[in-house]
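Visitor: Pasting a structure below so you can have a look.
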Amino acid sequence: MKLLETLRIRAASAARRRAARFGVGERPARLDLRLDGFDAPTTAGAGAALRVDQWQERLVEYLQWVGPTPVRITAHAGHPFLPDLARFCHRVEMPVTVRTGPAGLDVARAEELLDRGMHVCELVTERIDAEAEAALRALVHARHDRALPLTVHVHVPIHEGSADGARGVFAAARGLGADAVVLCPPWQGVALGPSARAGVAAALGEGWPLQGTGRLAREVLVALAPGGPGAPRSGGNCALGGTRLVLEPDGAARVCPFHPGLATGPLAESGAALAAHRAAIRRCDRRCGHPELV
């Protein structure tokens, strides 16, 4: 029954994403909780960071408005709220993805997160150094020791300094037991030089079928010419606007990092405002490039 419920939630999420892209839906298909500014700047207001019980209240509001959807929790591995929120989401039938870095991700922490309901881990790192290798080994060990399903993805943010070495991440991650390597567009617009662009092209062709960079992220990566993301799109409008809701560390809600559109008040009361904002984002003609596209 647990598996059937997870499949039902994912199918409903996919239907909401399709509806949002055609301007039909008013509800997000995924919820992102940003507990800290781990992998990108936050666009939150000036409010104080939420306590764990306040995070749970926001989750209840979301469930009353939308129902169960997949949730991604972004935080440093050592964040004190991470295990409790992963368990809470798991208990209310929301498949949990944890996006974190290698720092602090040892065997004990990996096993704790797996026991609390984490089913996907997105490990963000620019290279497989000693710290990243230890974190990957901890995740794979926890998966085998607990005999629980866990998908391990390595996410490589691309910029001028990391692009040339991205190709080497595939072989190292494969050897350590990762299920996929994903190349992420940068959070903010960058210009890649010829060498870095060649490195991205080589990396995109290196790891198949291990690498899991999606079509939209591929399009952004290969388009990182001088001027970078933010240039006019070659055609069409934003296909992702409104498909997920992001809650910042202070609980503020937004649907796009470049068009914050912060909403206040209970989520159930902000649905109309967020729907109007998503419609504006779908009309956006700027090419985005940030990790949340993958």
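Visitor: Tell me the residue from 72, 146, 116 that is modelled with pLDDT of 95 or more and more than 27 Å from residue 217 (Cα to Cα), please.
Guide: So the residue among 72, 146, 116 that is modelled with pLDDT of 95 or more and more than 27 Å from residue 217 (Cα to Cα) is 116.
Visitor: Being farther than 10 Å from residue 224 by Cα and in contact with a strand residue (DSSP E or B) (Cβ under 8 Å, 6 or more places away or on another chain) is the filter here, so list the residues in the stretch 175-199 that pass it.
Guide: Of everything in the stretch 175-199, those that are farther than 10 Å from residue 224 by Cα and in contact with a strand residue (DSSP E or B) (Cβ under 8 Å, 6 or more places away or on another chain) turn out to be 177, 178, 179, 180, 181, 182, 183, 184, 187, 188.
Visitor: Any chance you could count how many residues in the stretch 97-113 are in a strand (DSSP E or B) and surrounded by fewer than 22 Cβ atoms within 10 Å (Cβ to Cβ)?
Guide: 1
Visitor: Please give the number of the condition residue 58 fails out of (1) outside any helix (DSSP H, G or I); (2) touching a residue at least 60 places away in the same chain (Cβ under 8 Å); (3) of a type outside the set (Asp, Glu); (4) within 17 Å of residue 253 (Cα to Cα).
Guide: (1)
Visitor: Now a separate question. Looking at 50, 82, 105, can you tell me which residue is more than 26 Å from residue 140 (Cβ to Cβ) and out of contact with any Cys (no Cβ under 7 Å at 6 or more places or on another chain)?
Guide: Answer to the selection: 50.
Visitor: Working carefully through the options 59, 123, 82, find the one that is in contact with a His (Cβ under 9 Å, 6 or more places away or on another chain), surrounded by 20 or more Cβ atoms within 10 Å (Cβ to Cβ) and over 28 Å from residue 168 (Cβ atoms).
Guide: Answer to the selection: 82.
The values are calculated or read from the model by the stated rules, or taken from the named source; none is laboratory data. Not measured: the values here are computed from a predicted model. Every residue, glycine among them, receives a Cβ derived from its backbone with ideal geometry; neighbour counts consider all protein chains shown.
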